[in-house]
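The values are calculated or read from the model by the stated rules, or taken from the named source; none is laboratory data. Because the structure is a prediction, the values reported are computed rather than measured. Cβ sites come from the backbone with ideal geometry, for glycine too, and all protein chains shown count toward neighbours.
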Amino acid sequence: MNDKELTGTNQLELKAISELSGMDFIIKDYQRGYRWTSTEVKTLLDDLAEFVHRTDKKPGEFYCLQPIVVRKIADGRYEVIDGQQRLTTLNLILRFFSDMIKILYSRFKLFEIEYITRPDSRSFLTNIKNPVVKPDAYIDFYFMAQAYQTIKDWFDHQEDDTLQLEILRALLEQKKKDVGGQLVDMANNVRVIWYEVAADEETSSVDIFTRLNIGKIPLTDAELVKALFLNDKNFSGSDSELRKIHLSTEWNQIEQSLQSDAFWYFLNRSHNPVSYTSRIEFVFDIMSKRTGKSKKYHTFDYFQERLKENSVDEIWIEVKQTYQLLKEWFEDRELYHIIGYLLENGYKPGDLIAKWKELPKSKFRNSYLREQVKESIKGIDIADLSYEAKAPVKRILLLFNILTVLQKDNSDMRFPFDRFKTEEWDIEHICSQTDRTLEKGGVKQWCDDILEYYLGSSDLAGAQERINNSGEEEALKEDLSALLTLRQKEKVDKSEIDTLYKKFQERFKEGSNALTDRDSIVNLTLLDYATNRSYGNAFFPIKRKRIIENDSTGVFVPITTKNLFLKYYSKKINNMMEWTEDDGRAYLENIVGVINDYVNPNSSKL
């Protein structure tokens, strides 16, 4: 939904179920009919049972149902724009309790629901215990009848005789208490997030419904929090409208700043279990300590509770302070690199913020962060790392890249966390594996790479003539001619591919005489997915050529990947066209040395 649909003129609040007493709801024809199965119904009932059985509930703690989005129409009824499935199920549960309600909650009048496309739906729900209309008259009625039977069976199979009464109390109990001049519900009950679209809203109900349900995306915590903050009751005085505009403006500025991928991916680790359509929600989640396991609308619930004790101005100052601290870290070159590394490796921004507030800034920077980096690689023997241990290898190579960038004090170079995460960098062999064979799908690219390496072009037109005039030894000319023939075939034989692959593997000295352990970290580096895929079967000099071309044309290459292919780490550069045991050992020494210099600046050994 856009800002226009989430203005302060719309009403958002938490309603206890008892507050729905006597309401009349209609479901229009753009909605699908009732389709909840026993699975969804049982899940809701199990959640309610878990809530009422909890013994550690605080006064006023409640179970929150997902949003019901409504619009009040001219005749006083409420059009349900979103949430009709749970609203109908709630109605069915209350119908099950109808006899108990008459005795214990006689003032509560059960709300009515009518599906416009089903004229008898109101009557069917009202008489669900003894339906006048047969359940098989409409598919909606069938699902309603099945849901009601599921509710009845679920309660019949409960061993706890008091559970019915406890759930009914949770549904309809209210205990209003005056807290600071406001009536606050102190009951441990069930509440619904009630979002009422302003009656004069220009956007149609169908449009709002469509936006809510494209890909079944519900209202986000950020949208709900925004409506919560901009609620008229949070503002008073002659400047109330101006303050609301000011908050909205600052909100948009924060959101726009977080839209920068460089900033955003510095903060968010790869494969974050929480996805964001509105990035400011990340700031709210830090404050509410939301995790991937938190219940839906956890963050909204947090701010709803906060507003009982704090003004919206006080809370908004905290939001801005949290954002400003994240921005400060992003703009500080050292903090950007080290905190970015820690966040990528599972550290929570909220925990780092807490330490920032607790420690002197110099101690946070020079002691605490170093210790956390050291802790992140604790137990990893770098020299023994191999390709099979992908996670620790990737962690070490990422740290090596970051610290290498950070070593350049006089440079404004920054490690691109956004590219690292969006381009899917992974580990790849520097020198090809001895036992690797070429798959048919990669034959053409592999042939083109070798032809271009020897002939300066992979253009097949005139390639044979260029081979004949190349000045290479006759044996190589024969192999190149065989390669060209292979390249031009529509169907290729696997044995023919393997024979040529092994021949060129030996020519590039990547056969059995090369590195002893090709899966060791001495033969591994970071490459982005696209580059890795394009030359995964290529030999060292061809990979080297591609890296240099990428770098010269402005394509980003990880600094340590570029360095190793240019042999910056090698002590003896007598052959730029192969990766040797000596190159690998020198590379490993640099990895260990750079990491050791950071985590143990006063020690010579890691």
Would you tally the residues in the range 238-271 being surrounded by 16 or more Cβ atoms within 10 Å (Cβ to Cβ) and hydroxyl-bearing (Ser, Thr, Tyr)? 3
When (1) more than 23 Å from residue 302 (Cα to Cα); (2) at pLDDT below 85; (3) outside any loop (DSSP other than H, G, I, E, B) are applied to residue 223, the one that fails is (1)
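Identify, from the list 115, 105, the residue that is surrounded by 14 or more Cβ atoms within 10 Å (Cβ to Cβ), more than 20 Å from residue 174 (Cβ to Cβ) and assigned by TED's automatic domain parsing to the domain that holds residue 16. Working first, answer last.
Details: 105 fails: more than 20 Å from residue 174 (Cβ to Cβ).
After ruling out the rest, the residue left standing is 115.
Restrict the check to the range 372-382 and report whether at least one residue is loosely packed, with under 12 Cβ neighbours inside 10 Å, within 30 Å of the chain's Cα centre (by Cα) and not in a loop (DSSP other than H, G, I, E, B).
Filtering the range 372-382 for residues loosely packed, with under 12 Cβ neighbours inside 10 Å gives 378-379, 381.
If we keep only those that are within 30 Å of the chain's Cα centre (by Cα) too, we end up with 378-379.
The next check asks that each one be not in a loop (DSSP other than H, G, I, E, B); those that pass are none.
Within the range 372-382, not a single residue is loosely packed, with under 12 Cβ neighbours inside 10 Å, within 30 Å of the chain's Cα centre (by Cα) and not in a loop (DSSP other than H, G, I, E, B).
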Only listed residue being in contact with a helix residue (DSSP H, G or I) (Cβ under 8 Å, 6 or more places away or on another chain), in the same structural domain as residue 518 (by TED's automatic domain parsing), surrounded by 17 or more Cβ atoms within 10 Å (Cβ to Cβ) and of a type in the set (Lys, Arg), chosen from 571, 545: 545
Of those in the range 470-496 that are among the small types (Gly, Ala, Ser) and assigned to a helix (DSSP H, G or I), the residue nearest to residue 506 (Cα to Cα) is 475
Quick check on the range 272-301: of everything there that is within 14 Å of the chain's Cα centre (by Cα) and of a type in the set (Asp, Glu), which residue is surrounded by the most Cβ atoms within 10 Å (Cβ to Cβ)? 281
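For a quick check of your reading: which helices (runs of 4 or more DSSP H) sit entirely within the range 92-183 and have at least 2 residues that are farther than 30 Å from residue 54 by Cα and touching a residue at least 12 places away in the same chain (Cβ under 8 Å)?
Numbers: elements: 98-104, 121-126, 139-156, 163-172.
Filter on the range 92-183 gives 121-126, 139-156.
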Please find, among 582, 551, 517, the residue that is closer than 26 Å to residue 421 by Cβ, surrounded by fewer than 18 Cβ atoms within 10 Å (Cβ to Cβ) and at pLDDT 80 or above. 551
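Could you please find all residues in the range 28-40 being in a helix (DSSP H, G or I) and under 28 Å from the mean Cα position of the chain (by Cα)? It would help to see each step written out before you state the result.
Quick first cut of the range 28-40, residues in a helix (DSSP H, G or I) only: 38-40.
Residues satisfying the conditions are 39, 40.
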Can you pull out every residue in the range 41-83 that is of a type in the set (D, E, K, R), at pLDDT below 90 and either within 28 Å of the chain's Cα centre (by Cα) or at positive phi (or both)? 82
Which residue, of 318, 328, is closer than 25 Å to residue 357 by Cα, in contact (Cβ under 8 Å) with a residue 12 or more places away in the chain and acidic (Asp, Glu)? 318
Condition first: under 39 Å from the mean Cα position of the chain (by Cα) and of a type in the set (Ser, Thr, Tyr). Now tell me which residues in the range 145-185 satisfy that. 148, 150
Across the range 384-406, what is the total count of residues that are exposed (fewer than 12 other Cβ atoms within 10 Å of the Cβ) and either in contact with a strand residue (DSSP E or B) (Cβ under 7 Å, 6 or more places away or on another chain) or in a helix (DSSP H, G or I) (or both)? 2
Residue among 409, 418, 435, 449 that is assigned to a helix (DSSP H, G or I), charged (D, E, K, R) and modelled with pLDDT under 90: 449
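Would you be able to say whether some residue in the range 560-571 is in a loop (DSSP other than H, G, I, E, B) and at pLDDT below 85? Walk me through it before giving the result.
We begin by selecting, within the range 560-571, every residue in a loop (DSSP other than H, G, I, E, B); these are 566-571.
So of that shortlist, the ones also at pLDDT below 85 come out as none.
Within the range 560-571 (the criterion being in a loop (DSSP other than H, G, I, E, B) and at pLDDT below 85), the answer is no, since none of the residues qualifies.
Inspect all residues belonging to the range 336-357 and state whether any of them is among the acidic types (Asp, Glu) and over 20 Å from residue 417 (Cβ atoms).
So in the range 336-357, the residues among the acidic types (Asp, Glu) come out as 344, 351.
Remaining after also requiring over 20 Å from residue 417 (Cβ atoms): none.
No, the range 336-357 contains no residue that is among the acidic types (Asp, Glu) and over 20 Å from residue 417 (Cβ atoms).
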Suppose we filter 344, 358 for residues that are free of Cβ contacts under 8 Å to residues at least 12 places away in the same chain and either in contact with a helix residue (DSSP H, G or I) (Cβ under 8 Å, 6 or more places away or on another chain) or within 23 Å of residue 286 (Cα to Cα) (or both); which single one remains? 358
Qualifying positions in the range 67-83 - in contact (Cβ under 8 Å) with a residue 40 or more places away in the chain and surrounded by fewer than 22 Cβ atoms within 10 Å (Cβ to Cβ): 71, 72, 73, 76, 77, 78, 79
It is to be established whether one or more residues within the range 490-511 are surrounded by 13 or more Cβ atoms within 10 Å (Cβ to Cβ), at pLDDT 85 or above, in the same structural domain as residue 544 (by TED's automatic domain parsing) and closer than 29 Å to residue 550 by Cβ. no
Is it the case that residue 337 is touching a residue at least 12 places away in the same chain (Cβ under 8 Å), out of contact with any Ser or Thr (no Cβ under 8 Å at 6 or more places or on another chain) and not charged (D, E, K, R)? yes
Count - residues of the range 20-64 that are surrounded by 15 or more Cβ atoms within 10 Å (Cβ to Cβ) and either within 14 Å of residue 173 (Cβ to Cβ) or of a type in the set (A, V, I, L, M) (or both): 15
The lone condition residue 162 fails out of (1) loosely packed, with under 13 Cβ neighbours inside 10 Å; (2) closer than 28 Å to residue 13 by Cα; (3) among the hydroxyl-bearing types (Ser, Thr, Tyr) is (2)
Scanning the range 520-548 for residues that are charged (D, E, K, R) and under 18 Å from residue 427 (Cβ atoms), which turns out modelled with the lowest pLDDT? 533
Expected single match for within 27 Å of residue 26 (Cβ to Cβ) and surrounded by 20 or more Cβ atoms within 10 Å (Cβ to Cβ) among 147, 137 is 147
Taking the range 84-110 and keeping only residues that are modelled with pLDDT of 95 or more and touching a strand residue (DSSP E or B) at 6+ places or on another chain (Cβ under 9 Å), one is left with 87, 88, 90, 91
